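Asks: Dropping the structure in here first, questions after.
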Amino acid sequence: MRRALFRSVIALVTLTVLAATAGCGTDDASPTSSLIRFGGGRGPGAALHAAAPGKHSLVQWPTHPIAFTEQRRVGGDGGNTPIGMTTLHGPKSGFTGKVWVWAPPEYYEKRNADKGFPVMLALPGSYGFPVNYWIGTGLKLEESLAQWSRNGTSLPFIVVMPVLNPDDRQYYDGSDIPGQPKIGTWLSQDVPDLVRQNFRTLRTRNAWAIMGSSSGGFAALKNVLQNPGTFRVAIPNGPDIVPDSPLWNGHTAAERANNPEVLARRLTARGGPEVDLAFQDGSQERTVLPKVRQFVARYGHGPVHTRLQIVPGGTHSAATYVRGMSEGTMRWVSAHMQGPTA
C-alpha cells in the first residue's frame, strides 16, 4: 500500500526541493547560502527578542539557537517568511537527519515578541527521504496555514518537517525497532528538543501536535498515543493503523509496544492523559477508511477523543488532506490546543 502512495506528489516535490537545496545545508553551506536564525536577533528570518518571561509564564525561551540554511520563502499570507533547514545529530537517538522549520508571520510581529507559539510536526508519506514533501510549493501547507490563521480557522503554528526514515529502502514505522536507527526517539525527543532550543515555544503538551500522511500518519498516531506527555494532538491522514515494517520480524514484544491499538487500550485503562486524534481520509480511500472507522469505533472513548474528517471525492493524497484541514480539521484541532500566549 505504502509504495504506491503519493508517488506523483513525491516525484514532483522531490525534484523541486532537490533543485532548491542542492549544495545547501547548515553543515556544508556555500558562501552564498542564506543563513537564518529563529531564536533571536533582528533582520530577515530573525524573531523579535523580548525580555525573558516571568516565572509563571508558559513561554519557553530558546536555549541554544543555531543558524538554519534558508530553503525558500513562503508567499501569499505567509508574508515572505523563510523555511530553514538543518542537519540534526540527535543526542538521544544517535540518528542524524535533516529537519526543515517554518515560523508563521505572527511569530515575527512586535506585539507577539514575548509570546510562545504552538508547534506542529508534519510527517510525509511513503519513505519521506531524502526530503519531506511538506516543504514544497505544490502542496502549499505553509501558505494555507498562514491563510487559515489570518481568517481565524487555525492557530498560528510553528511547523517542523523532519525526514521520516533513514533511507528509501525500508519503513521504520516512526519507531525504535531493535537493532535499527531509533527513529521513534528522534521524532519524539530529539526533534522537539531542537524546536525548543530555537523557537519561543510553550511549556505545555497542549501546544504540541503531530500531523502525518499514510506511513507518516501512522507515525503521528502512534507517537501521540505513546508520548502523550509530549503531544496532545495528532492529525493522522489516511494512516496505517498497525505496524507493518518487515524490520519487526523477530521482535514481537517491541512491535506490540508500538501498536496504536495496544497503546490506545493502555491509555484508556490508566485513565489518560487525554489526547485528541483528528483523522482525515478521502471518501475514495476504500482500503484505509474502513480501518480508520473501526479504530474510532473501538478506541475513541474515555481519554482518547477522535474526529474523522471525510473529504468528498478525496483520494489517498497529500492534496486531499490539505483540503480536509481547511474544511474543519484545523478549527477542531485549534480548539483543543493552547494558542500563542505570554
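The values are calculated or read from the model by the stated rules, or taken from the named source; none is laboratory data. Treat the numbers as computed from the prediction; the structure is a model and nothing was measured. Here Cβ is always computed from backbone atoms with ideal geometry, including for glycine, and neighbour counts include all displayed protein chains. SASA here: full protein model, heavy atoms, side chains in, ligands and nucleic acids out. Shrake-Rupley method; radii C 1.70, N 1.55, O 1.52, S 1.80 Å.
Asks: Return a yes/no flag: does the range 78-96 have any residue that is out of contact with any His (no Cβ under 7 Å at 6 or more places or on another chain), among the aliphatic types (A, V, I, L, M) and modelled with pLDDT under 95.
Replies: No; the residues of the range 78-96 include none that is out of contact with any His (no Cβ under 7 Å at 6 or more places or on another chain), among the aliphatic types (A, V, I, L, M) and modelled with pLDDT under 95.
Asks: Check every one of the strands (runs of 3 or more DSSP E) wholly within the range 53-169 and list those with 1 or more residues that are open to solvent by 10 Å² or more (accessible area, probe 1.4 Å) and touching a residue at least 12 places away in the same chain (Cβ under 8 Å).
Replies: By residue number, 68-74, 81-89, 96-102.
Asks: Now, a different point. Looking only at helices (runs of 4 or more DSSP H) that fall completely inside the range 217-324, which ones have 2 or more residues that are over 15 Å from the mean Cα position of the chain (by Cα), at positive phi and free of Cβ contacts under 8 Å to residues at least 12 places away in the same chain?
Replies: Answer list for the range 217-324: none.
Asks: With the requirement that a residue be among the β-branched types (Val, Ile, Thr) and open to solvent by less than 10 Å² (accessible area, probe 1.4 Å), what does the range 184-230 give you?
Replies: 191, 195, 201, 210, 224
Asks: Before we move on, is residue 208 closer than 27 Å to residue 71 by Cα and out of contact with any Gly (no Cβ under 8 Å at 6 or more places or on another chain)?
Replies: Yes: the conditions hold for residue 208.
Asks: Could I ask something else about it? Of the residues in the range 172-183, how many are open to solvent by less than 10 Å² (accessible area, probe 1.4 Å), assigned to a loop (DSSP other than H, G, I, E, B) and touching a Pro at 6+ places or on another chain (Cβ under 8 Å)?
Replies: Within the range 172-183, residues that are open to solvent by less than 10 Å² (accessible area, probe 1.4 Å), assigned to a loop (DSSP other than H, G, I, E, B) and touching a Pro at 6+ places or on another chain (Cβ under 8 Å) number 2.
Asks: Return yes or no: is residue 132 of a type in the set (S, T, N, Q) and under 15 Å from the mean Cα position of the chain (by Cα)?
Replies: yes
Asks: Can you tell me which residue among 67, 46, 20, 50 is touching a Lys or Arg at 6+ places or on another chain (Cβ under 9 Å), over 22 Å from residue 188 (Cβ atoms) and at pLDDT 95 or above?
Replies: Sole residue among the options that is touching a Lys or Arg at 6+ places or on another chain (Cβ under 9 Å), over 22 Å from residue 188 (Cβ atoms) and at pLDDT 95 or above: 67.
Asks: Oh, and also: For the range 312-326, does any single residue satisfy the condition of being of a type in the set (S, T, N, Q), more than 20 Å from residue 141 (Cβ to Cβ) and either open to solvent by less than 10 Å² (accessible area, probe 1.4 Å) or out of contact with any Gly (no Cβ under 8 Å at 6 or more places or on another chain) (or both)?
Replies: Checked against the condition, which is being of a type in the set (S, T, N, Q), more than 20 Å from residue 141 (Cβ to Cβ) and either open to solvent by less than 10 Å² (accessible area, probe 1.4 Å) or out of contact with any Gly (no Cβ under 8 Å at 6 or more places or on another chain) (or both), the range 312-326 yields no hits at all.
Asks: If you scan the range 266-307, which residues turn out to be open to solvent by 60 Å² or more (accessible area, probe 1.4 Å) and of a type in the set (Asp, Glu)?
Replies: Correct list: 274 only.
Asks: With the structure loaded, tell me whether residue 329 is open to solvent by less than 10 Å² (accessible area, probe 1.4 Å), in contact with a strand residue (DSSP E or B) (Cβ under 9 Å, 6 or more places away or on another chain) and either charged (D, E, K, R) or modelled with pLDDT of 95 or more (or both) or whether it fails that test.
Replies: yes
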